1. With the chain treated as a Gaussian network of Cα nodes joined by springs under 10 Å, which of 152, 134, 247 yields the largest mean-square fluctuation?
2. Provide the net charge surrounding residue 184, with neighbours chosen by a C-beta distance below 15 Å and charges set as Lys +1, Arg +1, Asp -1, Glu -1.
3. Quick one: putting +1 on the C-beta of Lys and Arg, -1 on the C-beta of Asp and Glu, what dipole do you get for region 111-174 around its Cα centre, in Debye to the nearest 20?
4. Write out the trypsin sites (Lys or Arg not before Pro) in region 145-213 meeting two conditions: DSSP loop, and at most 13 other Cβ atoms within 10 Å of their Cβ.
5. Roughly how many debye, to the nearest 20, is the charge dipole of the chain about its Cα centre, given +1 on each Lys and Arg Cβ, -1 on each Asp and Glu Cβ, and no other charges?
6. Please compute the contact order of region 166-217 in relative form: average sequence separation of alpha-carbon pairs under 8 Å and at least six residues apart, divided by the residue count, as a percent.
7. Only loop residues by DSSP count here, and only those with at most 15 other Cβ atoms within 10 Å; note down the GluC sites (Glu not before Pro) in region 115-214 that meet that.
8. Would you compute, for the Cα atoms of region 115-181, the largest minus smallest coordinate along each principal axis and list the three values in descending order, in whole Å?
Amino acid sequence: MISPAFTSPGSQKPGTGEQLHFDPGRPVPAAPLLPLPDRYSAADLVLEVDAAEWNSVAAAHDGTANGLMVGVAVGILGPSGRIADDSVVRVDIPHSRRGIDDPRGNATTGLPIAVPYRKGERTDLRGVRAFIRQAARAYADPATTPALQHLQPVQMMLPRIVLAHFSRTAKAPECLCTNLGETGQGVATIAGVRARSVLMRPVVCTGETDLFRRLEVGLNLSWSSDGETVTLAITGADPNRAALRDQVIDEFAAWGLTPRFWQ
C-alpha cells in the first residue's frame, strides 16, 4: 500500500518556471458504461523488452530508464480516453523509505508528479526526470512535508471501521508506475536452477464492477529487470475503457520499442 499522506502541488516545467498542477477534483471524462457482469477482472498484460534497447531509447530522448517507464505509461493512458488532450496527468511513483535493519512491513510512500499529455506526442523525458527530482526534494524538505505525514505510524494501527470512514471518498491512483529494479533476482535461482524470467508486480484482484468505477481505478505499470531483459506488467483497471493491448502496441511503436508479449 502507498501512503496517501504526502501530496505535491505539482511540477515545475524545466527551463520555464511554469508550474504544472494536477486537479484532484478533476472529473474523469465520461465514457459509456460497458455491459459488464457484477464482478470485474482488470485487463492485464506482461511483456519483455531487451534492456539494451530500453536504455538506448531512454538515452536518445534525454531520459532515464525510470523516466521512459513513466513516459510510456502516460502514452498508454492518454489514448484510452481516460484523460483529455493537453491535460496534466498525476503519476504516482512508489518511493522506499526503508533504512538499514528497518523492521517495518511497510516503508513505502508515494511521490506524485504532474506530467503533461498531448495527443500524438511522446512524453518529454527530460521533463519527467526533472519532475521526479523536484518531488523527491519536496518530500525530503520538512517545510513541504504535511503534518499528516508524521501520523503514518498511527494510521497503520487504526481499526478497519475507522479506516473505512476516512477512506469513503478515496480514489485509486490514476497512473501508478512502480520501478522494482532487480529485486526479483533474489529468487531467480532455486536449488541451482535459474528461472528464465521473474515477474514482479502488484496484483489487482477481481472485485465488484461498481467498486472499480467508484474508485476510478486507472493504469498500473510495474518495471523490473535482470540486467538483460526488462519485464513490464501493465494493468488497465478502468471498466469503461478497453483495448489495452492495442494502446500498448501503438505506444511502444511510437518509441521504437519491440515488445514480446507473454501471451
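1. 152
2. On the way: positive: 194, 196, 201; negative: 48, 182, 226, 228.
Once all neighbours under 15 Å are counted, the net charge is -1.
3. Using only the charged Cβ atoms, the result is roughly 220 debye.
4. Within region 145-213, the qualifying trypsin sites (Lys or Arg not before Pro) (loop, at most 13 other Cβ atoms within 10 Å) are 168, 196.
5. Details: 26 positive and 27 negative charges, 110 e Å.
My answer is approximately 520 debye.
6. Answer for region 166-217 is 55 percent.
7. Those that pass, being in a loop and sparsely packed, are 121, 182.
8. Largest first, region 115-181 extends 45, 28, 25 Å along its Cα principal axes.
Read-outs throughout are calculated quantities, based only on the coordinates presented, and are distinct from any laboratory measurement. The structure presented is a predicted model; accordingly, all values stated were derived computationally and were not measured. So basically every Cβ, Gly included, is an ideal-geometry build from the backbone, and we count neighbours across all protein chains shown.
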